[in-house]
Amino acid sequence: MGVSASRLLNTPVFATAQVLTGEKVLEETEIKWASIIEMPVENFRREQEFVLTTGIGCEGGPELMEQFVQDVMDSGASILAIATGRHIFDVPDRIIALAEKHNFILVEIPWAVRAGDILSTVFIEINRGNDQEKQSIEEIRQDFINRVLQEGDIQEITEILYRHTGFPSMVTEYDGSMRAFYKVDSAIVRAVEEGNMKRPKDYEINHYLGLEGREHRLHPHIYVYDIEGERWCRTLINTNHRKQGFFWFHPAKSSTINSFVMNVVEHAVTACALYFVKENAIEMTEIRLKDNFILQLAKESNGEDQLLRSKGELLGYDLSLPYLCVVGKIHSRKKERLFPDLEEDNPPTSSLQNINYYIQKEINNAARFLSRKTMTTFDENEVIIYLETDPARYTETAGQFLDSVNRRLNDLLTEVGISWGIALKREEASGFHASYREAKSALDIGISQDGTGSRTFYKDTRINRLLLAVAEIDHIGKIVEETVGPLADYDRKRNTDLIETFITYNKYNGNVSQTARALHLHRQSLLYRLRNIEALTNLSLIQSDDVFLLELTIRLWKMKKLENSYKDA
């Protein structure tokens, strides 16, 4: 901040000094440095400097003195003080006229005043001014922070900035939506939300920002835009490597963007970042509570008592509505990488978390489109959804809902797929838990039977559940092991896929050509596999009873395998 020329010239050491020109700008002129300079000026000066000279070298004529004063003014100095009585006895009228023309402060100091005392006083006053600025900045910082910590709104940050700088300001989300503004015309607000702005030319930006604040750390992060005839500055609000939004401010034409302004704006941006962090923390706490509540509904077989219903109401859920349960399993369509589209995130974040964000967003959009309430949570690579439904038409509701979700996700996450299992929640104690178990069972059966990307209703798995019950009979289990065991062992040891080969062969009703195309095999390679299957099982693939026995035992074997993996999980 330095010291104002008015304050400096009112100190005792300048009691005998005479202000020759620039009296009108004493209050607004700031001094940050001091030096003694004689001819030539060259580069031995700084902007906003108090320059003291004895006039050595200017005795040859007023032209030399005039050039010296011109060079000092061109350097951006704040004051030129001339010590008279030794080398220069009177300041020439043409020098006074030159300084007056440029509204420049010219001071005459008697030779008897020691240069050391002058410089000492200047530095003391500059340091005092800097200390006062630091104290003022610290008070402003505390004001910003206290407003945020004391449950203040983000709107108050824009009001505090205006109080200390006179700058209108705005806060927007990263997507451009408006969060707060103060002393801003509605046309400006609308233009910012719609993205109607343009960047001025570089030289215009440099001229607009000026030179005083260019050394501040915030300066390189300020971008300038022309909006509805006004020139606005914008800087990013960043929290934990996350781009939260933007802080906008509009310096008046007569304002200087100096270090004080930069510090106030920086503290305003910091306060906004703190506000977003606080807001995110509250939101994350609420999300965690909701996640835990839905996981409790799904995975614990507690009855739906009044306490559980009341807890649901506090979180915004109505457990009295009829629901269906949808369980989805997230998988990558490329085996070699897990969620490759999101592996290059910068800063590093969990790919699964990014995917969950988009899935949650599309679930909300689909539910809003169907005017249905939902309860959603994620558990590792599994998404659990309770969707409000009409029990008599729940298959139609689930179909419309998942069609909407899948349609958008297929465009957004091209390398990620989701398999779904659906079950209707029955009106009974632990109905949420039972429907989750059924939807999860349908999901696993669907993946086992149709592969990833399947959509399976629990009501359509009756044959699979029947087979699972049959597989529990001991002597049938022995037949399954005797028939399928050799194939499974061969596949494991030789890294082949005879079981899937038979399933595909049977799917195409024994058509060798269609099976070969489906498995991307040469016809002779397929025939070789089929002969191996017959040799290992002692069954003939041209005998209908043998084919039926092999199909049945393979299905029983897969269901038993699925049940075991389900129990382990």
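The values are calculated or read from the model by the stated rules, or taken from the named source; none is laboratory data. Given the structure is predicted, the values throughout are model-derived calculations rather than measurements. Quick reminder, even Gly has a Cβ in these numbers, built from the backbone with ideal geometry, and neighbours come from all protein chains shown. What goes into the accessible areas is simple: the full protein's heavy atoms, side chains included, and nothing from ligands, DNA or RNA. Shrake-Rupley method; radii C 1.70, N 1.55, O 1.52, S 1.80 Å.
For the chain, with all protein chains in place and a probe radius of 1.4 Å, 48% of the accessible heavy-atom surface sits on carbon or sulfur. Placing pseudo-labels 7 Å out from each Cα toward the beta carbon at K299 and N280 gives an inter-label distance of 2.6 nm. Accessible area per residue for the chain is 54 Å², calculated with a 1.4 Å probe on protein heavy atoms, without ligands, DNA or RNA. Shown here: region 300-461, whose C-alpha atoms stretch 47, 36, 29 Å along the first, second and third principal axes, sorted largest to smallest.
Dividing the helix sum by the residues of the chain, where each DSSP H run of 4 or more adds -39500 (n - 2.57), gives a mean residue ellipticity at 222 nm of -17000 deg cm²/dmol. Computed across region 151-280, the Kirkwood hydrodynamic radius from all distinct Cα-Cα pairs reaches 14.8 Å.
For Q48, the amide hydrogen comes within under 5 Å of the amide hydrogens of A77, S78, counting only partners 5 or more places away or on other chains and with H modelled in the peptide plane. Heavy-atom accessible area for H522, with the other protein chains in place and a 1.4 Å probe, reaches approximately 120 Å². The stretch between E534 and Y357 holds 58.7 nm of extra length on full extension. This uses 0.36 nm per residue minus the Cα-Cα distance. When M197, M284, M73 are compared by accessible surface with a 1.4 Å probe, the order from highest to lowest is M284, M197, M73. Separation of region 95-146 and region 244-306 by C-alpha centroid, Å? If we compute the Cα centre of each part, the gap is 41 Å.
Extension gain for the segment L119 to N365, taken as residue separation times 0.36 nm less the Cα-Cα distance, is 81.6 nm to one decimal. Cross-link pairs exceeding 21 Å between alpha carbons, from the set K459/K560; K299/K558; K425/K560: K299/K558; K425/K560.
Here, P(r) means the percent of Cα pairs in each 20 Å bin from 0 to the largest distance; for the chain it is 15, 29, 22, 16, 12, 5, 0.
Here the simple spin-label model places points 7 Å from the Cα toward Cβ, and for D71 and L289 these points are separated by 7.3 nm.
If we count every other residue with Cβ under 13 angstrom of R163's Cβ, Lys/Arg +1 and Asp/Glu -1, where does the sum land? Once positives and negatives cancel, what remains is -2.
Segment D489..Q18, full-extension length gain: 158.9 nm, with 0.36 nm per residue of separation and the alpha-carbon distance subtracted. Bridge orientation summary for the chain: considering DSSP beta bridges with both residues in this region, about 75 percent are antiparallel. Solvent exposure of L9, expressed as accessible area, is near 30 Å², computed with a probe of 1.4 Å over the protein chains only.
Sequence-distant contacts, meaning Cα pairs under 8 Å at least 6 residues apart, place the relative contact order of the chain at 8 percent. Taken one residue at a time, the phi angles of region 124-140 give Karplus couplings (6.51, -1.76, 1.60, θ = phi - 60°) of 4, 5, 4, 5, 5, x, 5, 5, 5, 5, 4, 5, 5, 4, 5, 5, 5 Hz. Gly and Pro are set to x.
3J(HN,Hα) along region 452-467, derived from phi through the Karplus expression 6.51 cos²θ - 1.76 cosθ + 1.60 where θ = phi - 60°, amounts to 5, x, 7, 9, 10, 8, 4, 5, 8, 10, 4, 5, 5, 5, 5, 4 Hz, with x in place of Gly and Pro.
Exceedance of the 30 Å cut-off in Cα-Cα distance is limited, within the set K329/K478; K243/K361; K183/K373, to K329/K478; K183/K373. Cβ-Cβ distance of Q400 and D546, R₀ of 51 Å, FRET efficiency by 1/(1 + (r/R0)^6): the value works out to about 0.70. For region 300-461, the relative contact order works out to 31 percent when only alpha carbon pairs closer than 8 Å and six or more residues apart are counted. Using the Karplus relation 6.51 cos²θ - 1.76 cosθ + 1.60 with θ = phi - 60°, the per-residue 3J(HN,Hα) values for region 111-119 come to 4, 5, 6, 5, 4, x, 5, 5, 5 Hz, with x marking Gly and Pro. T239 contributes about 10 Å² of solvent-accessible surface, heavy atoms of the protein only, 1.4 Å probe. Taking 7 Å steps out from each Cα toward its Cβ at D474 and R94 produces label points 12.6 nm apart. A Förster distance of 56 Å, applied to the separation of the beta-carbon atoms of Y508 and V189, puts the FRET efficiency at 0.30. Relative contact order of region 3-127, taken over Cα pairs closer than 8 Å and 6 or more residues apart, is 33 percent.
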